[in-house]
Amino acid sequence: MIQANRPRPGRLRSSVSARVAVPLLVVLLSMAGFVVTTRAVDDERANTARRTAEVQALEIRGQLERARAFAIGLGNALVGEAAPTARRFAALQGSAATTVGLTTAMWVERVPNRTRRAYERRIGAPITRPPGRRVAAPAATYLPATIATGVALRRGADMAGVTALAATLQDPTSIFAGTATPLASLGGQRGFFVVQGAQFGHGPGSRGFLVVFVPADWLNVSLNLDPRRSAITLDGRPLTGAPATAPAAGRSFDALTRHWRVDVAREPPTALQVTLPWLAVAWPPATALIVYLLGRGMLRRRRAERHVDDIFDLSLDLLCVAGLDGYFKRVNPAFEHTLGYDTAELLSRPFGDFVHPDDRAPTAEMLASLREGRDVSSFENRYIRVDGAVRWLQWNMRTMPETGLMYAAARDVTENRILSREQAALRRVATLVARGDDPRALFAGVALEVGHLLGADATRLLRYKEDESAFVVGSYGAADAEIGVGSEGSLDRGRLWRRVAQRGGTARSAATVAVPIMVSGRVWGAIVSVWKQYDRAGGDTEVRMAEFTELVATAVANAESGAELAASPADRDGGRRSAPAPRARPARRRPAAPRAHGAGAEAAAQGAGRRARDGRRASRQALANAQRGMNEMRELARGIHPRILSSEGLKPALATLARCCPVPVTVEMQTDARLPENVEVTAYYVASEALTNVAKHAQASAVRMAVDVDDTCVAVTIRDDGTGGADPRRGSGLVGLRDRVAALGGALTVDSEPGAGTVLTARIPMAAPPAARADD
């Protein structure tokens, strides 16, 4: 009997086990591939969210720094103004706001309750509670917005009701250059304020706070952020954005003295991310794994390259990859915008060819240090634009010696350099003005500073004559410059100097700029600068030159006033006097008279001697008065210029003196009416000298100044709580004050018991005493 071949039970069981195990293994591998692929996609999305949060945090921090730079730049511009006016504030704020898009700014002052009335009189409006017209209730301190742009606020609106802003301004120790407040609202808009203490010109209202309002959506709009995927918080409070899903990543940072955080939602999956898990299920495990690895690697690489390219191309800073051989390998578009060369030319030549000749040696030394493996993290040098202009670049570098490459980022700091040079030049000229040196040295210094600052080939300081001619009083640069005048040459009627002389305004030709020097309302002269290359004269050249003309005008006015004071009283013809003096007439040569005889001769001799003594006495007194006036002029040139006294009166001038005194001073004066000029000048001088003595000698903690005015006289009383013991007989200062008050028919008394403080009282009559007769 023959039996058929049958599989053995063990083999059958092995085959069945293999058929079951392989599909099961495939299923398990497929499921594992699906799970792994899904998780990888989720990780990739999470990593993308983290990178997005980091990038957005950097962008937001940079944008906040732009807001801070805007506030600081506007504050620096306000310092150079003559007086705080709404028109100049709006002009300066508008010109700066075009680059950052911040249109709401305010000039806020801190007004104690005791000076509320003085402040309201100065601005011509009451302090109110915004946004209505309701007058502010009494308070210890007010924070009125004297000037506001971009927001509907009444002048004098008290910002103390804005809690976040008030809390910051009430604590001066917390205010730095560009300090941000907590979350606040203004005019129905959420946002925050950037504040800093600032000075706006000179005089009343020049000390205060520059406040810039930053709307909540400014960051989203300026950085093109999607508020549905990104949320920004300020000090833990939501500022802007509301993601539809829970944040997948976040990044915190500090800026503007505040704590910030940006949270980013997870990006929706791409088509490839959705497909990859199903591919892992459909394909065999090995194929699915390979596809997953390849797809994931390609995806990550493309995204990384795209992010790098976007940051590289969109950056406002100059980014590049350079070789240690001295050539650029890659540059971003900011290079073309800053230097004017196209990318091909930048890559084809050594970057040392674009460096300023004076900086090529330091640049070569820096490159040699990098080749030797030494670290150079930061570096500054000058580059020459395609049009010949010089740009200062500040570099940050990271080298990779193994690849022979370095990665560098540069920032154009030319404007900061120019501003620093301009301020330094103005300070040097102001020092020359204050010292009152030889005018020739001052004029030569002004020509030199203007020429260096503007990069002009020649600069001349001209003075006009009454016959419509001009001559050079200060010179810099090329001697063959086409200025149009010689050392004593006549003014060419066809040139722009003639237009300056006629119109009193600036004039410009193709490569020449002229700015007038105005002294006492007349055109005294002009500053003229010439460039051989037409495009080297910038659009703001007139404004920058005008700052120097104001200093020259001040020096000329001081010099002319000094010359007037040095003359005899009869020659001054109504000029400002430090104190009245007997009128001395210049001696005239007369024909010889017949010689007298006897008693008549003796009487004539006595009369002649008396007249000679009177003339000498008058001359000595006139000379003393002139010397006193010159001393005052020197004080004014050092910065104690009572210009506010002549323009606004005694009360604002005394308030300015009080603010400048190192000892706290309280000023009480009920009237704002103007007084006779000699009375105001004498009262101001008494107050100034008294406060100087208090600061130097009294060791006082407080001073009270009271000014009482009636129809007959002005009484100025200065009382301090110092050590006392002042004796007018021992000090020339109090003696001089007493003489000055006595010259107007007044009296000065000093009550100064040791340990009980000092009380100085000056009573100045409204009408000057009759002039002394010549024979008295």
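The values are calculated or read from the model by the stated rules, or taken from the named source; none is laboratory data. Given the structure is predicted, the values throughout are model-derived calculations rather than measurements. Neighbour counts are summed over all protein chains in view; Cβ atoms, including those assigned to glycine, are modelled from backbone coordinates with ideal geometry. Please note that ligands, DNA and RNA were not included when accessible areas were found on the heavy atoms of the full protein model with its side chains. Shrake-Rupley method; radii C 1.70, N 1.55, O 1.52, S 1.80 Å.
Restricting attention to the stretch 151-190, the residues that are in contact with a Leu (Cβ under 8 Å, 6 or more places away or on another chain), within 23 Å of Ile232 (Cβ to Cβ) and either among the charged types (D, E, K, R) or at pLDDT 85 or above (or both) total 11. I'm trying to understand the selection: among the residues of the stretch 117-173, which are in contact (Cβ under 8 Å) with a residue 40 or more places away in the chain, under 15 Å from Val194 (Cα atoms) and assigned to a helix (DSSP H, G or I)? Scanning the stretch 117-173 gives Met159, Leu165, Leu169. Could you list, ordered by first residue, the pairs with Cβ atoms under 6 Å in which the first is in the stretch 506-530 and crowded, with 16+ Cβ neighbours inside 10 Å and the second is part of a strand (DSSP E or B) and of a type in the set (D, E, K, R), at least 6 apart or interchain? If the second residue must be part of a strand (DSSP E or B) and of a type in the set (D, E, K, R), the pairs left are Gly525/Arg463; Val528/Arg460. Once the stretch 701-733 is narrowed to residues that are over 21 Å from Ala653 (Cα atoms) and crowded, with 21+ Cβ neighbours inside 10 Å, the residue that is modelled with the lowest pLDDT is Ala726. Would you say Leu448 is under 30 Å from Thr554 (Cα atoms), of a type outside the set (Gly, Ala, Ser), without any contact (Cβ under 8 Å) to a residue 60 or more places away in the chain and surrounded by 14 or more Cβ atoms within 10 Å (Cβ to Cβ)? Considered against the rule, which asks whether it is under 30 Å from Thr554 (Cα atoms), of a type outside the set (Gly, Ala, Ser), without any contact (Cβ under 8 Å) to a residue 60 or more places away in the chain and surrounded by 14 or more Cβ atoms within 10 Å (Cβ to Cβ), Leu448 comes out as yes.
Please determine, by comparing only the residues of the stretch 376-404 that are part of a loop (DSSP other than H, G, I, E, B) and within 25 Å of Val543 (Cα to Cα), which one is modelled with the highest pLDDT. Step by step, filter the stretch 376-404, then rank; the result is Arg385. So, in the stretch 535-555, exactly how many residues are touching a helix residue (DSSP H, G or I) at 6+ places or on another chain (Cβ under 8 Å), open to solvent by less than 20 Å² (accessible area, probe 1.4 Å) and modelled with pLDDT of 70 or more? Going through the stretch 535-555 one residue at a time, the tally reaches 5.
The number of residues in the stretch 650-672 that are open to solvent by less than 60 Å² (accessible area, probe 1.4 Å) and under 17 Å from Asp710 (Cβ atoms) comes to 4.
Among the residues of the stretch 139-154, those that are open to solvent by 40 Å² or more (accessible area, probe 1.4 Å) and either over 21 Å from Thr168 (Cα atoms) or among the aromatic types (Phe, Trp, Tyr) (or both) comprise Gly150, Ala152, Arg154. Gln56 falls short on exactly one of the conditions (1) more than 25 Å from Arg300 (Cα to Cα); (2) in contact with a strand residue (DSSP E or B) (Cβ under 7 Å, 6 or more places away or on another chain), and that condition is (1).
Taking the stretch 389-404 as the range and being open to solvent by less than 30 Å² (accessible area, probe 1.4 Å) and closer than 20 Å to Gly62 by Cα as the test, the residues that pass are Leu393, Trp395, Met397. For the stretch 361-388, the set of residues classified as open to solvent by less than 50 Å² (accessible area, probe 1.4 Å) and without any contact (Cβ under 8 Å) to a residue 12 or more places away in the chain consists of Ala368, Ser369, listed by residue number. A search for C-beta distances below 6 Å between a residue of the stretch 71-82 that is within 17 Å of Phe176 (Cα to Cα) and any residue that is open to solvent by 40 Å² or more (accessible area, probe 1.4 Å), counting only pairs 6+ apart in sequence or on different chains, returns Ile72/Ala177; Val79/Gln199. Put simply, of Leu256, Leu276, Leu316 the only residue that is over 30 Å from Gly188 (Cβ atoms) and modelled with pLDDT of 80 or more is Leu316.
Residue by residue, here is whether (1) over 30 Å from Gly80 (Cα atoms); (2) in contact with a Cys (Cβ under 8 Å, 6 or more places away or on another chain); (3) open to solvent by 50 Å² or more (accessible area, probe 1.4 Å); (4) at pLDDT below 85 holds:
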site: Gln199; (1), (2), (3), (4): no, no, no, no
site: Asn224; (1), (2), (3), (4): yes, no, yes, no
site: Gly236; (1), (2), (3), (4): yes, no, yes, no
site: Arg251; (1), (2), (3), (4): yes, no, yes, no
site: Asp263; (1), (2), (3), (4): yes, no, no, no
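Does the stretch 299-312 contain any residue that is in a helix (DSSP H, G or I), within 22 Å of Ala49 (Cβ to Cβ), touching a strand residue (DSSP E or B) at 6+ places or on another chain (Cβ under 7 Å) and open to solvent by less than 60 Å² (accessible area, probe 1.4 Å)? Within the stretch 299-312, one or more residues are in a helix (DSSP H, G or I), within 22 Å of Ala49 (Cβ to Cβ), touching a strand residue (DSSP E or B) at 6+ places or on another chain (Cβ under 7 Å) and open to solvent by less than 60 Å² (accessible area, probe 1.4 Å). Considering (1) assigned to a strand (DSSP E or B); (2) free of Cβ contacts under 8 Å to residues at least 24 places away in the same chain; (3) under 22 Å from Arg114 (Cα atoms); (4) not β-branched (Val, Ile, Thr), the lone condition that Ser185 does not fulfil carries the number (3). Among the residues making up the stretch 405-430, a single one is over 11 Å from Arg391 (Cα atoms), open to solvent by 80 Å² or more (accessible area, probe 1.4 Å) and in a strand (DSSP E or B): Tyr407. Before we move on, is Ala164 open to solvent by less than 40 Å² (accessible area, probe 1.4 Å) and either over 25 Å from the mean Cα position of the chain (by Cα) or not hydroxyl-bearing (Ser, Thr, Tyr) (or both)? So Ala164 fits the description; yes.
Per the listing Ala96, Ala91, the residue uniquely assigned to a helix (DSSP H, G or I) and crowded, with 16+ Cβ neighbours inside 10 Å is Ala96.
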